[in-house]
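> My questions all concern the structure below.
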Amino acid sequence: MRILLASPESHVWHSRAHIHMGLGYLAGSLLEAGFTDLTLYDAAIETESIAEALQRAIAEGQPYDVVGISSPTPLINEAWDAARQAKRAGAITVLGGPHLTLMPDESAHRPEVDLVVRGEAEDTLVELVVQLADCNLQFGACDLRSILGLTWRTGDGQVIHNPARPLRDDLDNIPYPAHQLYKIERYTSLQPLTDGLDPNARAYTIVTSRGCPFTCTFCSKPITGDTWRPRSVENVVAEWRWLVQDLGATEIGITDDIWNRDLDRAKDLCRALIREGLNTAPWVTVHGMKVNYADPELFQLMKAAGAKRVGFGVESGDEYILSRVVRKGQTLAQARNAFKWAKAAGLQTMGFFVFGMPQETEETLEKTIQLALELDPDLANFMIAAPYPGTQLYELLEKEGNSFSHDWTDYAIHTDEAKFEIGDLRAELVERKWREAYRRFYWRPKRLIRRLAMPDTWRHLPPRLHDARRFVVGGKGTRGASKTAA
Ligand code: B12
Ligand code: SF4
């Protein structure tokens, strides 16, 4: 059976290309189950479109039997396009990923989509492919009822949602992602600013734990869930060794939701990397770590273990917004300490801030800007709040807000337009303060001098000038029509 696992073209994200861990994990499990005729297609780095790849396979006499397509919410239109191409090429189409987990019905009713997989899918996909092989790819004749997490259509078009698949706790037993299948030389460094990092790094990512027990009101965790499931230190270190020693990783990113949830485990991991001599490849906590579970020793150990840059979700400078609206479960004091300790250990820092949550005012947004200036991370990322389906923010807006998002594409983050108004909060205020945040943070004389001295600034001059214009005069798009990537 020939299988293609694909991530579709993204019109909302094109600033950097990171490996797709979901597809890698699925490939790892399929390979272990004996399905070795397997290709990864990631539109972010391929030189041909998915239609061309599918047609080429046909021309070479080796058409794909099954095409699996992954999709987060803002990319679902592209995922459906890819499914249409795959159907045209005669394949069975299977869609999975965050958006399919949140909204399985919508896709299951579409003719170009044969099957939908909800949630973590290593086991579901293997069981499905085994069934498909058993019934000779006549999936209408397969018994699909027993496959947990699968959504499918009966012969008369009825959509059936099989029961959800429980999250696996034994992550050590899940095969490693098939890192060997990535065209790694085509991916970029994991960081938006590569100074201090190699812009042409062989940049792999690693997931050391899944899920997060916090319930921030804007956070969408359809796949990894509300519990925290760590892998053992030994299991992580063995994958790390494979990446560094066998696959030549020159940069590693941890993309867990909250990798330092257990402070002792985080320290043990660092100690193991040092002990095993695996601290040679610089690593970064791409999506942030939690300020609650930190102390000076952690950052010193991280530095000794090869960490280069750490990020923290700070979100707001206003204690009420932070604790009662975002419900971040952390304090401003904890954020201040985390930055202080990380900098003292010699690590570069990133701060993530959110603009335009319900009940925000000029004053709360100003406090967020002030906090960003005070913490002064190497990189500050200000994002306008996006109400993803499945979040508390989404539910609140459904009840009492005015959302400007009319198409899933509008759910892209990193755009420069407010996505909703609620109560007294106006889009104009959010967008004005958001632009002000970038301007005031990056246009300070000391930052400008530092930036001008960085090779990265000159390497990426056109986008930097474009950003500068956006932050001074704003974007030129129409609200609701997403257009920008970070
Ligand atoms: C690393 C990461 C990135 C990286 C790499 C993205 C990538 N392509 O993997 C970068 C920085 C590029 C990125 C960008 C974006 N991301 Co992102 N990202 C993550 C993060 C932190 C980890 C992803 C991960 O590695 N998970 C671990 C693996 C094992 O899980 P997985 O990828 O979901 O795959 C499993 C299942 O989903 C399923 N599955 C996945 N694909 C398929 C396909 C088939 C056929 C099947 C059957 C099953 C299946 O099986 C997999 C194995 O269990 C998640 C948060 C999270 N914890 O999930 C956000 C997250 C997925 N990202 C998100 C978003 C919104 C985006 C962007 C759209 C941002 C934007 N500009 O608007 C872009 C889209 C880029 C793209 N082309 O996909 C949201 C999605 C929310 C939603 N409702 O869709 C998340 C959940 C973050 C959040 N809380 O808001 N992201
Ligand atoms: S934003 Fe971070 S801390 Fe909050 S729920 Fe999401 S992953 Fe957890």
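> Kindly check whether there is at least one residue in the range 67-74 that is assigned to a loop (DSSP other than H, G, I, E, B) and buried (at least 24 other Cβ atoms within 10 Å of the Cβ). Lay out the reasoning, then the answer.
First, pick out the residues of the range 67-74 that are assigned to a loop (DSSP other than H, G, I, E, B): 71-72.
Checking which are buried (at least 24 other Cβ atoms within 10 Å of the Cβ) leaves us with 71-72.
Looking through the range 67-74, at least one residue is assigned to a loop (DSSP other than H, G, I, E, B) and buried (at least 24 other Cβ atoms within 10 Å of the Cβ).
> Continuing with the same structure: Taking the range 106-136 as the region of interest, how many residues are surrounded by 19 or more Cβ atoms within 10 Å (Cβ to Cβ), of a type in the set (D, E, K, R) and closer than 24 Å to Gln85 by Cα?
2
> May I pose another question? Counting only residues that are in contact with a helix residue (DSSP H, G or I) (Cβ under 7 Å, 6 or more places away or on another chain) and among the β-branched types (Val, Ile, Thr), which one in the range 95-127 is nearest to ligand 2 (Cβ to nearest atom)?
Looking at residues that are in contact with a helix residue (DSSP H, G or I) (Cβ under 7 Å, 6 or more places away or on another chain) and among the β-branched types (Val, Ile, Thr), I get Val117.
> Further question: Look at the range 351-381 and say how many of its residues are modelled with pLDDT of 95 or more and outside any loop (DSSP other than H, G, I, E, B).
Looking only at that region, the number is 19.
> Now for a separate question. Contact list please: Cβ distance under 7 Å, first residue in the range 199-222 and more than 16 Å from Thr285 (Cβ to Cβ) and aromatic (Phe, Trp, Tyr), second residue within 14 Å of ligand 2 (Cβ to nearest atom) and not in a loop (DSSP other than H, G, I, E, B), pairs at least six apart or on different chains.
Phe218/Val354; Phe218/Leu393
> Taking the range 328-351 as the region of interest, how many residues are hydroxyl-bearing (Ser, Thr, Tyr) and either within 16 Å of ligand 2 (Cβ to nearest atom) or over 17 Å from Asn381 (Cα atoms) (or both)? Talk me through it step by step, then tell me what you get.
First, pick out the residues of the range 328-351 that are hydroxyl-bearing (Ser, Thr, Tyr): 331, 349.
Applying the additional criterion that residues be either within 16 Å of ligand 2 (Cβ to nearest atom) or over 17 Å from Asn381 (Cα atoms) (or both) yields 331.
Total meeting the criteria: 1.
> Would you check if there is a residue in the range 80-89 being closer than 16 Å to Gly390 by Cα, touching a residue at least 40 places away in the same chain (Cβ under 8 Å) and in contact with a strand residue (DSSP E or B) (Cβ under 8 Å, 6 or more places away or on another chain)? Break it down stepwise before answering.
Of all residues in the range 80-89, those closer than 16 Å to Gly390 by Cα come to none.
Within the range 80-89 (the criterion being closer than 16 Å to Gly390 by Cα, touching a residue at least 40 places away in the same chain (Cβ under 8 Å) and in contact with a strand residue (DSSP E or B) (Cβ under 8 Å, 6 or more places away or on another chain)), the answer is no, since none of the residues qualifies.
> Scan the range 226-249 for residues that are in a loop (DSSP other than H, G, I, E, B) and surrounded by 18 or more Cβ atoms within 10 Å (Cβ to Cβ) and jot them down. I'd like the intermediate steps shown before the answer.
If we filter the range 226-249 for residues that are in a loop (DSSP other than H, G, I, E, B), which is where we start, we get 226-228, 231-232, 247-249.
If the condition is that a residue be in a loop (DSSP other than H, G, I, E, B) and surrounded by 18 or more Cβ atoms within 10 Å (Cβ to Cβ), then Trp228, Arg231, Ala249 are the ones that fit.
> Working only within the range 364-416, note down all residues that are of a type in the set (Ser, Thr, Tyr) and more than 21 Å from Arg324 (Cβ to Cβ).
Taking the range 364-416 and keeping what is of a type in the set (Ser, Thr, Tyr), we get 364, 368, 388, 391, 394, 403, 405, 409, 411, 415.
Within the range 364-416, Ser403, Ser405, Thr409, Tyr411, Thr415 meet the criteria.
> So, one more: Go through (1) of a type in the set (Asp, Glu); (2) surrounded by fewer than 24 Cβ atoms within 10 Å (Cβ to Cβ); (3) on the phi > 0 side of the Ramachandran plot one by one and return the number of the condition Asp264 breaks.
Status for Asp264: all satisfied but (3).
> Another one. Of all the residues that make up the range 277-305, how many are more than 16 Å from ligand 2 (Cβ to nearest atom), over 18 Å from Gly329 (Cβ atoms) and assigned to a loop (DSSP other than H, G, I, E, B)?
Start the filter on the range 277-305 by keeping residues that are more than 16 Å from ligand 2 (Cβ to nearest atom), which leaves 277-284, 295-305.
If we keep only those that are over 18 Å from Gly329 (Cβ atoms) as well, we get 277-284, 296-305.
Within this subset, residues satisfying the condition of being assigned to a loop (DSSP other than H, G, I, E, B) are 277-282, 305.
Adding up the residues that qualify gives 7.
> Just one of the numbered conditions (1) under 18 Å from the mean Cα position of the chain (by Cα); (2) more than 13 Å from ligand 1 (Cβ to nearest atom) is not true of Asp256; which one?
(2)
> Would the range 246-257 turn up any residue that is of a type in the set (A, V, I, L, M), touching a strand residue (DSSP E or B) at 6+ places or on another chain (Cβ under 7 Å), touching a residue at least 40 places away in the same chain (Cβ under 8 Å) and within 16 Å of ligand 2 (Cβ to nearest atom)?
yes
> Within the range 180-192, identify whether any single residue is part of a loop (DSSP other than H, G, I, E, B), surrounded by 15 or more Cβ atoms within 10 Å (Cβ to Cβ) and within 16 Å of ligand 2 (Cβ to nearest atom), and answer yes or no.
Scanning the range 180-192 turns up no residue that is part of a loop (DSSP other than H, G, I, E, B), surrounded by 15 or more Cβ atoms within 10 Å (Cβ to Cβ) and within 16 Å of ligand 2 (Cβ to nearest atom).
The values are calculated or read from the model by the stated rules, or taken from the named source; none is laboratory data. From a predicted model like this one, the values you see are computed outputs, not experimental measurements. Heads up, the Cβs are rebuilt from the backbone with ideal geometry, glycines too, and the neighbour counts pull from every protein chain shown.
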